[in-house]
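Contents: one structure, followed by commentary.
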Amino acid sequence: MNLIVNADRNWGIGFKNSLLVRIPNDMKFFRQHTLGKIVVCGRHTLLSFPGQRPLPDRTTVVLSRNPDYKVKNAYMAKSVDEVLALSIENGWKSEDIYVIGGEMVYKSFLPYCDRAYVTRTDMAYEADAYFPDLEKDPDWELTFESDEETYYDIVYHYTTWERRH
């Protein structure tokens, strides 16, 4: 499985259920990686999408502990185990699954993922949601870092992290 996220220099990823920053090329990067794939997100992340609906041209799995919460055109799961069972039932390949947030979903799925695509923004924003600090995690290593890119005054890099085996 994969994780995909934009994190600031302190690994902040969100504030009041919104992204910290919207960079058009990063949104394009996200779209290129997830189009036609399976995306796994929490209810709050889904509610932050346009129209509060699943993203088009992706299979969406929404995690929610509320058994009454339903989303049209999405699979529902109450736990990581249920997502893993859905994956087996539907014959989804692990490499086609992208965990897309939020904080608790990332933390819950990190042990099951082998690759993380992290756009690192060289700013420190006010944040109330964080991605695990892969720089301090001995199970993960940085395997790719793009050249510096800018969007107005925002400097960022695309990075790829892989689980050490």
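The values are calculated or read from the model by the stated rules, or taken from the named source; none is laboratory data. Keep in mind that this is a model prediction, so the values were computed, not measured. Note that we place each Cβ from the backbone using ideal geometry, even for glycine, and neighbour counts take in every protein chain shown. Only protein heavy atoms, including side chains, enter the accessible area calculation; ligands, DNA and RNA are left aside. Shrake-Rupley method; radii C 1.70, N 1.55, O 1.52, S 1.80 Å.
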* To do: Normalising by the residue count of the stretch 1-68, find the relative contact order in percent from Cα pairs under 8 Å and 6+ residues apart.
  => 26
* Please calculate how many Å² of accessible area the chain carries per residue, with a 1.4 Å probe and no DNA, RNA or ligand atoms counted. => 56
* To do: Counting other Cβ atoms within 10 Å, keep those with at most 16, restrict to DSSP loop, and tell me which trypsin sites (Lys or Arg not before Pro) in the stretch 93-154 are left.
  => LYS93
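Determine the equivalent ellipsoid of the stretch 1-89 by diagonalising the alpha-carbon gyration tensor, then write out the semi-axes as square roots of 5 times the eigenvalues, largest first, rounded to whole Å.
They are 22, 15, 13 Å, listed from largest to smallest.
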* To do: Please calculate the 1.4 Å probe accessible area of TYR156, with all protein chains present, and give it to the nearest 10 Å².
  => 0
* Listed residues ILE88, ASN73, THR150: farthest to the positive end of the dipole of the chain (Cβ charges) -> ASN73
* To do: Return the subset of LYS78/LYS107; LYS107/LYS136; LYS16/LYS107; LYS37/LYS93; LYS28/LYS93 for which the Cα-Cα distance in this structure is over 21 Å, preserving the input order.
  => LYS28/LYS93
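Round to a whole number: what % of the accessible area of the chain belongs to carbon and sulfur, probe 1.4 Å?
Details: 4430 of 9280 Å².
Answer for the chain is 48 percent, counting heavy atoms of protein chains only.
For the stretch 28-76, what is the charge dipole size about the Cα centre, in debye to the nearest 20, if Lys and Arg each add +1 at the Cβ and Asp and Glu each add -1 at the Cβ? Walk me through the numbers on the way to the answer.
Details: 9 positive and 2 negative charges, 16 e Å.
The dipole of the stretch 28-76 has a size of about 80 debye.
Once Rh is set to the Kirkwood radius over Cα pairs, what Stokes-Einstein translational diffusion coefficient, in µm²/s, holds for the stretch 11-165 at a temperature of 20 °C and a viscosity of 1.002 mPa s? Don't jump to the answer; show the numbers that get you there.
Working: Rh = 16.4 Å.
Translational diffusion coefficient: 131 µm²/s.
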